[in-house]
Every structure is written in structure tokens, then in C-alpha cells.
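Asks: My questions all concern the structure below.
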Amino acid sequence: MGQENWRQVKEIFGDALQQTPEERPNFLDRVCRDDKKLRSEVESLLASFDDATSFMEQPAAEKVASLIIESKHLEMGKRFGHYEIIKQIGEGGMGEVYLAKDNKLDRKVAVKILNEKFANHESNLNRFILEAKAASALNHPNILVIHEIGETDDIHYIISEFIEGETLRERLGKSVMNLGEVLDISIQIANALTAAHLAHIVHRDIKPENIIIRPDGFVKVLDFGLAKLIGQKNRSLIGLDESTLKQNDTAKGVIMGTINYMSPEQAKGEQVDERTDIFSFGVLVYEMNTGQTPFASDSISETFANLINKEPLPLARFAANVPNELQHIVAKMLRKNKDERYQTIKGLLADLRELKENLSFEEKLERSAPPNNENATAILQATTGDVNKRTAETQHSFLQPIARKPFAAFLFAAFFVAVVGFGYYFFVANNNVTDSDANPLKSIAVLPFVNESGDANFDYLSDGLSESVIDRLSQLPQLKVIARSSSFKYRGENIDIQDAANKLGVQVIVTGRIIQRGDNLSIRVEMVDARDNRQVWSEQYNRKTTDAFAVQQEVAQTVSEQLRLKLSGAQEQKLAKRDMVNPQAYDLLLKGRFISGKGGTDNKKKAIEYYRQAVAIDPNYALANVYLAGSYRALVGHSVLNPKEFNPKAKAAVQKALELDPNLPEAHLMIGHQYQDDWNWAAAETEYKRAIELNPNLVAARNNYSFYLSIMGRHDEAIAEAGRTKELDPLTLGNRVAFGLALDRARRYDEAIAEFKKILEVDKNYYGAIYWLSYAYLDKGMYREAIDSFQEAIRLGGDNPSNQIYLGASYAKAGEREKAQAILKQLETSNEYVSPGELPVLYVALGDHEKACASFEKAYAAHDLQLQFLKVDPSFDPLRDDPRFQDLIKRVGLP
């Protein structure tokens, strides 16, 4: 529609609003005459305008309204109440926004004024009021804060915080954004949307104009004016309509500014939900990386067509060095079918955080790498693939309050285990062999093998092969084998072998490359003595993929003959064992493990489907049953799956695995988890110890055993196990956090605080370290530091009841009881699940022991897992002499 047409629609629509509904047909007859298209446009706007929800859902209607309704500007110095207007800073469809001074509190605020003509319609006034209520309900650091709503001198207004900074639109216009900046902004936006979605509020108008970036990089999401409640009744919330800053002057420009960020379901007028925000957010991330939106065209109709039918071009077409993970994330956000997108913003947030963490580590690695030296000893080129093909860590959720670590239990019946014996150093005998050369080497790291097939679809195979090598070697007690979560950080074409070995604390490095062409498989494996960068052994195997198990046996037997380590007969048999596993089932297990390693709820669900298929194809595949059980348990722990249905399924799968292979360490680890959840403490310890006996390098088993020992009060043993975990997985910050947690539980607070601060020197935004540092401060009695730290944890990791409980306890112990009481009231009326086993922390801090004990009884009845901390949490010290508390500890079975 041309500019003249828009102006004509504007004039007629504005005049029609002054007519009663009964008078409008005759009025349109007079002014539109025979122009059916013009009348249709006006009638469409009038119809949606009369329906407040519909009108606000249609961006075109909203933007026309912003052109039609003339503003009655407030002059500088105008006062109403205790607010004094400074200047106008923005305008939107419903009114204007001014910068003002709050003379009572001596601060700058933003004042949203409802336009006089717009306010004449009762539906608009109601919507304006409800927006403020919705915004005030969204209490989150990344969402604009509403201070007040009121009316004076016939002026309806909303008072909000004033944000110094620039819109994301303004930032995009300055220069190309680097990847770190894009991820930082994206994670903060995702945090804000998480809070909104938890309140069942969908924003529906995510775009650069609605994002403000403060000078310190902190992000605020504005304008919940199109927000909509999803599946909630009896709540008077619609959302916040913070007006956007001025955009293009033409109607076409204004409309395009919204259409470019719409979801396909919005464009087609279908029902929207949280996934609409995810799509619009995807457009935003795309634009931050490329400088343009993925569906924009020269006309509105073409843009709509692109939005509904056209797939976006890859990010790499417009931006260099885009990680594959980011391309996958954005592509999934922009799926046309909302059932194929991320289903929750939490899953998306997890993927963004993992990508940022991996990139941060690799940047530190590059900075620490020594410069190239032409005279230096030539180093082994560990990989030749794209440096941006990274796999996310799989171990991080162990340190969350309730959820446990994903079960990093590896022991694949190796499909392509071409290098089982490479952990044992073999030096070809000659006259110059020294005593040190003759001695066996006792530490090894297997770096991620490189997929040289030219097809990223085979990445799962190269990663799976590397992991299988790690799993097999890990079973030997004579050998220290670095966990994949540390060794897999070394990807790229120019890995410094000596630097990697030093950081990983090993003597030997193994690398590999694979090529798959149809049914043909080529595997090249190399082993390097990192002490002098000397290649010790290499071999290439060319086979049919159907011969993979034969290759495994051949390699195992050949290498075992060359090992310097003394192996028992049982160990030699274990290495050379031919695993009778269906090759297709093994391939499915590798795919499941690969997709699960990417993190996020959706990927965990996909992994379950792969594991189910593997078990269906090969019911006797013990490891597939274990991974299926582990995935069930992980999603139950994150409240994604129903525990009543899936906990029994997890137990059945583990029991099946043990029947098939009584010596499978991962199965014993899983049984240990289940016993611990059932408060069968002695049986849990037996299983953890058995898992470690079968696989001394199984990081997940040692980590969880350390946690078990800690909650049992056996602190020296817990710290020792956590220290061993750090050795086996030195580059995973989560393991260092676990070590700090063990120190905190032992009440060695100064050491725990020092450990957490060292982690933050590596990554100042590492959530796990900030989260547990907050607890250490609280436990030590450093209440002001605890308050600040918990607030930072909330900013980085989003709000949740657990954070609120301990923040409230910090306020109470710091003497700020009103703030603590306010948090308690919010928790007691929250629609979210609040653990009755954790809420007593706040009750005790406020001195209400009766409510604490009553809440504990509810927790006991619900078998709340938080009760496992009763023995060691300092928060409960004031209750330790209470007979009711002592009885509770006995009933839970804690020693």
C-alpha cells in the first residue's frame, strides 16, 4: 500500500472512530463510495480496534493507530503529582513517553502517557492499566521495572525506571557486533523471556527497538504491550507496553519494522504461544550476526510470503567464522513449524550458555598458546576440521540444588574402537633406549577425532569413536585417563600437543581421523609422547563399516602385545573382548549420545528416542538401557517428565542392564543414584564404590560419590574424591565447583570461598561458581556479600525459588527482615513448585521454627530430595537440639 493510500486510510479511520458503531456504515458509504478496497481496509481496522485483544495482536492495526492518533505533547517543566517533565523520548500507538524527574525520591524516571483520544475508549484504558499490572508482576533484572500507575488532571500514566543506554537498533547501526557481544545480549534477553514465560506471559513483539543496552552492557527488555497470557485464568495480566523509540516516518517503514520479526503463526493469524517469542528472538539473533533480517523484502506482501514459505539463508553467507552450533541454534529457532522449534526458552538458554562457555574456554586457550617458531620441533596436527565444530560439555547439572549430573558413564561396546591399547606407551626397542623410555606411561588424553568425510552428519561418528576409546581405556586402574569433557575442549587444526598435555596433566596424547564414504570406513590413529612431541605409534585401518567389530578385536589384540604396562589376564581379556552388539543399535547409541551432549531439553528428548530405538533393535544392549534410564532420570529431575511414570521406567531399564552385564560400571552408578533417591544410604554407597572399582576413571561416579560422602558428613573422604575428580577432568569448571562445595560442606569456608574466586578469575560469569560462592558467604556469616552474590546469580542464571529462599535468608540474617518477609510471602503464594524441604531455610532465618518443622513434615511426606542436606546444611543449626528435627533425621535414615 502506497503512502497516499495509508494517509487516506488514516484520515477515514480516525474520523470513523468518532462515529458510533451504528453510524459508521452510512459514514463509510459517503466517504469510500465505490472504492471497495479502501472500505475493506478501514472496516478491517475498525473491527480489530473494537476487539482490544485482536487489535493489539495485529501489528498493522497497531502501527496505523500510531499514525492516526494525534499526540498532545507535554511541555518541559509540566508537573503532575511529584513528577516533572524533562523531555519527550519516545512515542507509540497508545501514547508518548517522557523523561521526568521524581521530585520525591530525586531520581529520573520514564513516564508513559496514554494519548487523550486513545483514552476515550474504555477498552484502551483497561488495556493500559492491565499492562502496568503485568509488567509489575514480571520481577526480573532484565525486564523494565514499573514503579507506579496513576491518573491526574485527566492524564493516565505509568511510571517506570529510566534506562540510560541505547536501543539494540541503535547499536546495530553503529558497527558489526562480535560473537561474544551477540551471545551476551542473547543470553540476557533469554533470561528475561524465561521469567515472562514462567508467568505464562508471551511478549509477541521482540525486536531491536524493544531492547535497551546500558553502557555497562546490561540488557533490559521493554514493551510487553502486545503481551498475552497463556493458559491462565482469573489473573488480570496482559503485559507491559513500554513504547519504542521513534523509527521510520513512513507508514510502510513502521509496519515493516514489526513484520520482519513476526512468527509465521502471527502472520497467518493463528493462535500464538511461547514459541512465537522464540521465533522472533531467532530473527533478532540472526540480525545481530548478519546485520539484516532473514525474511525482509521490498514489499509487505513479499515479506509475508518469505516469512511463511522461505527458509533463511545460512548465517555463514553473511558473517565469517560463525560456529556451527550457533547456526544450528538459530536454524532451530526459525523453524516454520512451531512444533519443530525449541519448545521452551529454557532449552534455548541452556544451549546459548554452553556455546558461550565453550567459546570462552577456547579464547583463553588461544591466548595462552605460545607463538609459532620455525625452529621449534614440529608438532602433530591433531585435527584438520573446522575449529568451530565444538561439542558442548555434558557434565554441569550435578551442582544444581536438586537436579543431578547427567550420567557421564562411558563404556561403549566399541563399534569403531581402533585404538584400545593406545594408553600404553610402546617404544621400538633399540640400543638407545633409556630407563625412562622403558617404563610404562601412566596418563593419557584422547582428543576428539576429526571427521574428514566432508559431511557434518558424521560428526557423531568421529566424536563417538573418540569417546569409545576413552571409555575402554578408563577401565584400567593402572592408567589415568582424562575425561572427554576436558579433552574435547581441544579442537582445531593447530593444537599444541605439549601445551594440551601440560594443561591436562598427561604424558600421552592420542589423536585420530576418520573418513566414511558409503560403506567404506577409514580410521587413522596416532599416539604422541608429549614430553618430546615424538610420534610413538600410528596405524590406518580400511574396512567395511560392517567389519567394525572385527577391526576392534584386531586392534585390541595387536596393541595389547606391545603394552609396557603389566595387565592381568582378566584385563587383557576385557580389552580383546568382542562385543556382540548390533551395529545399527550401536550407531543409534552414538547419535543419542552426540545429540544429548549438545545440551538442552529438546536434545535430551531426541536422545531418548535414539536410545529407545537402539534397545528395540538390540534388547540385549546393556549400555543402551543405562543411557535410556539416565536420560529419563535427568528429565524427571528437571521437571520435564512425570516422575510417577518415568522413575519406574528408569529403574526397570537399569535392572535390565545389570542382568545383561553385572560388571557394567555405569549401571552400578545409576543404581547408586536410585538408592540415594530412596534414602537407602548404605546400598547407594555400595553401588558407587562398585562403579569406581570397575572404572576408576569414571568421573561421574567419583563426583557423585564425593557428593554422597559430603551429605553423610564424611568430609575428608568427600574432599579427597572431589580432588581426584579435578585431576581426571581438570578443565571442567564444574568439577572445581564441586571441590569448593565439598570444602563448604566441611565448613572450611575460607578455603571454599578462595576456590570459587579462583574459578571466577577464569570466567567471571560462571554461574555455578557464583551460585555456590553465595552459599559460602551466607554460611560464613558474610551476609552483605551473600546478598550481592545471590543477586548476581539471579541476574546470570534467572530467578528460581531456591535462589529466592537463600536470598531471603541472607536478608533476614543481615537484619533486613521486611525484605525477607516479602520474599517469603511471594514464595508462599507462588504458582511455581517451592520445595518444602528447602523453604525451612528461610523460616529458620526468620526465627519461625514451628513453620520450619511443619514444612519439613510436608517434605517428608513428599519424599523431597532436599532432605538429604539435613545433616550438613548450616542453615539448620538452630534446629539441631530440637527433638522434632532429630527425629526427622532418623526417619530419613541419615547417620
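The values are calculated or read from the model by the stated rules, or taken from the named source; none is laboratory data. Small disclaimer: the values here were computed from a predicted structure and weren't measured. FYI the Cβ positions are ideal-geometry reconstructions off the backbone, even for glycines, and counts take in every protein chain you see. Side chains included, ligands, DNA and RNA excluded: accessible areas come from the protein's heavy atoms. Shrake-Rupley method; radii C 1.70, N 1.55, O 1.52, S 1.80 Å.
Asks: Less than 15 Å from a label point 7 Å out along the Cα-to-Cβ axis of residue 108: which backbone N atoms in segment 139-175 qualify, by residue?
Replies: From segment 139-175, the list is 160-167.
Asks: Find how much the distance from residue 649 to residue 686 grows on full extension, using 0.36 nm per residue of separation minus their present alpha carbon separation; answer in nm with one decimal.
Replies: 11.1 nm
Asks: Could you go through segment 778-784 in sequence order and give the Karplus-derived ³J(HN,Hα) for each residue, using 6.51 cos²θ - 1.76 cosθ + 1.60 with θ = phi - 60°, rounded to whole Hz, and x for Gly and Pro?
Replies: Rounded to whole hertz, the list is 4, 4, 7, x, 8, 5, 5.
Asks: Sticking with this one: For residue 99 paired with residue 270, estimate the spin-label separation in nm (one decimal), with each label point 7 Å from Cα along the Cα-to-Cβ line.
Replies: For residue 99 paired with residue 270, the spin-label model returns 4.4 nm.
Asks: Explain nothing, just compute: Karplus ³J(HN,Hα) = 6.51 cos²θ - 1.76 cosθ + 1.60, θ = phi - 60°, for every residue of segment 332-343 in order, whole Hz, x for Gly and Pro.
Replies: Result, rounded to whole Hz: 6, 5, 9, 5, 4, 7, 5, 6, 9, 7, 4, 8.
Asks: Continuing with this model, one more query. Quote the FRET efficiency, to the nearest 0.05, computed for residue 164 versus residue 821 with a Förster distance R0 of 45 Å and r equal to the Cβ-Cβ distance. Walk me through the intermediate numbers first.
Replies: Details: r = 32 Å, r/R0 = 0.71.
In this case the efficiency is close to 0.90.
Asks: Also: Specify whether the C-alpha gyration tensor of segment 450-522 places it in the rounded, prolate or oblate class, a ≥ b ≥ c being the square roots of the eigenvalues: rounded for a/c under 1.5, otherwise prolate if a/b is larger than b/c and oblate if not.
Replies: Oblate shape, in that a/c is at least 1.5 and b/c is the bigger or equal ratio.
Asks: Which value in nm describes the separation of the simple spin-label points at residue 848 and residue 659, placed 7 Å from the Cα toward the beta carbon?
Replies: The two pseudo-label positions are separated by 5.0 nm.
Asks: Sort the following peptides by mean Cβ neighbour count (other Cβ atoms within 10 Å, averaged over residues), highest first: 83-91, 189-197.
Replies: Details: 83-91: 17.3, 189-197: 24.1.
Per-residue mean Cβ counts within 10 Å order the peptides as 189-197, 83-91.
Asks: Taking a ≥ b ≥ c as the square roots of the eigenvalues of the Cα gyration tensor of segment 576-710, is the shape rounded (a/c under 1.5), prolate (a/b larger than b/c) or oblate?
Replies: Cα axes put segment 576-710 in the oblate bin.
Asks: If a/c stays under 1.5 just call it rounded; otherwise compare a/b with b/c (prolate if a/b is bigger, oblate if not). Do that for segment 174-223, with a ≥ b ≥ c from the square roots of the Cα gyration tensor eigenvalues.
Replies: Prolate, since a/c reaches 1.5 and a/b exceeds b/c.
Asks: For residue 860 paired with residue 831, estimate the spin-label separation in nm (one decimal), with each label point 7 Å from Cα along the Cα-to-Cβ line.
Replies: Result: 3.3 nm between the two label points.
Asks: Provide 295, 646 ordered by accessible surface of protein heavy atoms (probe 1.4 Å), highest first.
Replies: 646, 295
Asks: Quick check: net charge around residue 183, other residues with Cβ under 9 Å of its Cβ, Lys/Arg +1 and Asp/Glu -1?
Replies: 0
Asks: Shifting gears a bit: Can you put 739, 756, 318 in order of accessible area, largest first, using a 1.4 Å probe? Walk me through the numbers on the way to the answer.
Replies: Working: 739 40, 756 0, 318 80 Å².
Sorted descending by solvent-accessible area, the residues read 318, 739, 756.
Asks: If you place +1 on the Cβ of every Lys and Arg and -1 on the Cβ of every Asp and Glu, how big does the dipole about the Cα centre of segment 740-848 come out, in debye to the nearest 20?
Replies: 180
Asks: Here's something else I'd like to know. Give the Rg (one decimal place) followed by the Dmax (whole number) of segment 832-895, computed from C-alpha coordinates and expressed in Å.
Replies: Spelled out, the Cα radius of gyration and Dmax of segment 832-895 are 10.5, 32 Å.
Asks: So between residue 609 and residue 31, what do we pick up on full extension, going 0.36 nm a residue minus the alpha carbon distance? Write down the numbers at each step before the final one.
Replies: On the way: separation 578, 0.36 × 578 = 208.08 nm, distance 6.20 nm.
Net length gain for the segment: 201.9 nm.
Asks: Rounded to the nearest 0.05, what FRET efficiency do residue 890 and residue 616 have when you use their Cβ-Cβ distance and R0 = 41 Å?
Replies: Computed FRET efficiency for residue 890 and residue 616 comes out at 0.35.
Asks: Another question, then. Using amide H atoms built 1.01 Å from N in the peptide plane, name the residues 5+ places from residue 534, or on other chains, whose amide H lies under 5 Å from its own.
Replies: Amide H to amide H, under 5 Å and 5 or more residues apart or across chains, residue 534 pairs with 529.
Asks: Right, next: Against the globular-protein guess of 2.2 N^0.38 Å, express the Cα radius of gyration of segment 684-830 as a ratio, rounded to two decimals.
Replies: The value comes to 1.14.
Asks: Another question, if that's okay. When ranked by the protection proxy of mean other Cβ atoms within 10 Å per residue, highest first, what sequence do the peptides 848-856, 695-703 form?
Replies: Highest to lowest by the protection proxy: 695-703, 848-856.
Asks: Here is a follow-up. Quick check: net charge around residue 866, other residues with Cβ under 11 Å of its Cβ, Lys/Arg +1 and Asp/Glu -1?
Replies: -3
Asks: Work out how much length residue 535 to residue 11 would gain on full extension: take 0.36 nm times their residue separation and subtract the Cα-Cα distance, in nm to one decimal.
Replies: Answer, rounded to one decimal: 180.5 nm.
Asks: To continue, here is another question. Among 883-891, 466-474, 728-736, how do they line up by average Cβ neighbours within 10 Å per residue, starting with the highest?
Replies: 466-474, 728-736, 883-891
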